[in-house]
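All of the numbers you see were taken from the coordinates with simple rules; none came from a lab. Given the structure is predicted, the values throughout are model-derived calculations rather than measurements. Ideal geometry is used to build each Cβ from the backbone, glycine not excepted, and the neighbour counts take in all protein chains shown.
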Amino acid sequence: MTRSWIDNKVDVFLAEAHPLGLTAPRAGVATLIERSVERAALLTGVTARTARQGFTDDHVRDLVRTAAEDLAAEVPGTQLDDLPATHTVPVALAARTTAGLAIVTELVASAAGPDRDDLLAGLRQSLSLITTWGALIEGATAARSAPSPTGAEKVIEAPEALLHRSIRELERGRTALAGGTVPRDGGDPIGLAAALGSNAEDLTAEL
């Protein structure tokens with residue numbers, strides 16, 4: 001069976017991304033590549049078909065390197081447990097972030113196609129972050145976490161990359177909602193988008 005042009009380019013992207021610790025569902029990578037081709041066609045004034053012919057594997061690798069640079073603050077490929085805890089986050093915000101990430105997983109599952117591997121790839125980051133936040137909250141609760149400098153609320157210590165990764169996932173959820181995806185079990189898209197946006201803004205304020 002002959003593989004399509006986009007399938008081959010997705011293979012190149014994922015092969016280049018793997019050593020950098022980057023993962024993504026094939027459908028998402030395909031969309032990124034197609035949009036890059038469309039942009040190239042628009043900029044050069046040629047058809048999308050012609051732009052495809054000139055879109056080489058090296059162009060795909062450039063997309064990966066650009067993504068890696070954009071995600072540098074997330075320290076891709078590194079386990080969060082191996083990073084130093086450099087930031088404090090209110091326990092209440094940590095709990096709200098866990099709930100927000102759970103919404104993101106529901107949106108990813110709702111929008112998923114029949115490819116099981118793509119679904120698992122799409123869920124991997126959010127599920128990993130939920131686990132990390134949960135462990136930090138549990139540890140803070142067990143240790144009777146110290147109050148913040150104001151003495152007003154409990155805080156936990158977290159690596160900066162955890163905040164960056166969580167913010168990106170929350171924004172991914174907002175993008176899905178803006179694109180028409182809604183959880184299969186219901187929910188107000190406008191309210192959910194506002195909640196995810198507020199969550200991301202509050203995390204950003206802790207950086």
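Quick check on the exposure proxy: order Val46, Val155 from fewest to most C-beta atoms within 10 angstrom. Display every interim value, and only then the final one.
Values: Val46 14, Val155 21.
Listed from fewest to most nearby Cβ atoms, that is Val46, Val155.
With only Lys, Arg, Asp and Glu charged, each at its Cβ (+1 for the first two, -1 for the last two), find how big the charge dipole of segment 1-90 is about the Cα centre; round to the nearest 20 debye.
Working: 9 positive and 13 negative charges, 103 e Å.
The dipole of segment 1-90 has a size of about 500 debye.
At what distance in angstrom do the alpha carbon centres of segment 36-106 and segment 1-21 lie from each other?
Computed from Cα coordinates, the inter-centre distance equals 16 Å.
Kirkwood Rh and Cα-based Rg: tell me the resulting Rg over Rh for the chain, rounded to two decimals.
Details: Rg = 19.3 Å, Rh = 18.8 Å.
Result for the chain is an Rg/Rh of 1.03.
Using amide H atoms built in the peptide plane, which far-off residues or other-chain residues are under 5 Å from Ile156 H to H?
Val89, Val91
Tell me, what ³J(HN,Hα) does each residue in segment 5-22 have, in order and in whole Hz, if you take phi through Karplus 6.51 cos²θ - 1.76 cosθ + 1.60 with θ = phi - 60° and put x for Gly and Pro?
4, 5, 4, 5, 5, 5, 4, 4, 4, 5, 5, 6, 6, 4, x, 8, x, 9
If the elastic network links every pair of Cα atoms under 10 Å, which of Ile167, Ile190, Ile156 fluctuates the most in the Gaussian network model of the chain?
Checking each option, the largest mean-square fluctuation is seen for Ile190.
For a quick check: sort Val108, Val91 by the number of other beta carbons within 10 angstrom, fewest at the front.
Details: Val108 24, Val91 18.
By the 10 Å Cβ count, ascending: Val91, Val108.
About the Cα centre, and with charges only on the beta carbon of Lys, Arg (+1) and Asp, Glu (-1), how big is the dipole of the chain? Nearest 20 debye, please.
Details: 19 positive and 28 negative charges, 91 e Å.
Dipole size: approximately 440 debye.
Hey, what number do you get for the chain at 222 nm if only DSSP H runs of n ≥ 4 count, each worth -39500 (n - 2.57), divided across all residues, to the nearest 500? Before the final figure, lay out the partial values.
Working: 8 runs with 137 residues, N = 207.
Theoretical 222 nm ellipticity from helices: -22000 deg cm²/dmol.
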